[in-house]
Amino acid sequence: MADNMHKQGPQTTGHVWDDTLQEYNNPLPSWWVWGFYGTLLFAIAYWLVYPSWPIGKSFLTGVFGNIEYVNAAGETESWHWNTRAKLLKETQEAAAQQKPFYDKLAATPFDQIGKDPDLSSFVTSAGKPLFADNCAACHQSGGSGKVGSYPSLADDDWLYGGSHEKIQETVTKGRRGYMPPFGEALAPAQVTALASYVLALSGEKADPAKAAEGKELFHSHAAACFYCHGDEAKGRQDIGSANLTDKVWLWADVPGAGDDAGRLAAVEKVIAGGLAKGVMPAWEGRLSPEQIKLLTVYVHELGGGK
């Protein structure tokens, strides 16, 4: 039987050109044909079930009926089923479920929130998405921050203070940090000396002679670094100046440098170029007072509290 099939050869349509050129007859597999018909039927059903096909100045609205939700003006509206109306309704339902917790949070003093198991769970569950939506774009997931751009919120090192009240003030009003560039006011050798002293303050390897010169320059009126960072270089929270002795590097990427020369260059870059990007926007008016208080407690816990 196999020999007969081999002798017959493949099927053709019977069309012949130039005596020998023939057109094969290779129909599509039946499973493929029925699958194609199935996709057509699915598309038609989808058009009927969900909002889709335009009809004049309107369109098919689907078979799910209308969804009621409250618009920005506080008025109840009814709209045909669609993902936007569904999201609005679900968001409002979630807000209604969270309202008793927000009310309780607003009425509870900061030092009592951690003692309430329900409020503690609410801070963790509701604070995480609120932080992700509003803070993580800069401070990264988990508040790890980014050296040279955004401070870490998870290391208990606070530029403006780590109490609940100070964090709430920071979130509400925002902050605007600034460090002037010293590249034009000081000679390159003086910048190197200052950088050496700053490295030595944190226990990093530095040239002793240059570090000694930098210490004198740090406390002189030529550089006047002590004015912002303090006589002991421990920073000033009233103006948000960094502590230079705690081995926490906010702006100079010393941990990411591969050698001593790279660490020195990282600090020199900050001293010479200054910092004009330490700006955090105010969230007052963007978030409700209850949401700001929730973020305050959540961020406070990220840093271990203080």
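The values are calculated or read from the model by the stated rules, or taken from the named source; none is laboratory data. The structure presented is a predicted model; accordingly, all values stated were derived computationally and were not measured. FYI the Cβ positions are ideal-geometry reconstructions off the backbone, even for glycines, and counts take in every protein chain you see.
Kindly check whether there is at least one residue in the range 214-226 that is closer than 25 Å to C135 by Cα and either in contact (Cβ under 8 Å) with a residue 12 or more places away in the chain or small (G, A, S) (or both). No - not one qualifying residue is present in the range 214-226. Looking at the structure I just gave you, is L119 surrounded by 12 or more Cβ atoms within 10 Å (Cβ to Cβ), without any contact (Cβ under 8 Å) to a residue 24 or more places away in the chain, assigned to a helix (DSSP H, G or I) and not assigned by TED's automatic domain parsing to the domain that holds L295? For L119, the condition - surrounded by 12 or more Cβ atoms within 10 Å (Cβ to Cβ), without any contact (Cβ under 8 Å) to a residue 24 or more places away in the chain, assigned to a helix (DSSP H, G or I) and not assigned by TED's automatic domain parsing to the domain that holds L295 - is not met.
Filter the range 139-187 for residues that are part of a helix (DSSP H, G or I) and surrounded by fewer than 15 Cβ atoms within 10 Å (Cβ to Cβ); which is farthest from the chain's Cα centre (by Cα)?
E165
Name the helices (runs of 4 or more DSSP H) wholly within the range 1-114 that hold at least 3 residues that are exposed (fewer than 11 other Cβ atoms within 10 Å of the Cβ)?
So the answer is 2-8, 30-49, 83-107.
Kindly indicate whether D133 is among the acidic types (D, E), outside any loop (DSSP other than H, G, I, E, B) and within 21 Å of G285 (Cα to Cα). So D133 fits the description; yes. Assess whether K205 counts as being modelled with pLDDT of 95 or more and in contact with a Leu (Cβ under 9 Å, 6 or more places away or on another chain). The answer is no for K205.
Total residues in the range 122-133 satisfying the condition of being surrounded by 13 or more Cβ atoms within 10 Å (Cβ to Cβ) and among the small types (G, A, S): the figure is 2.
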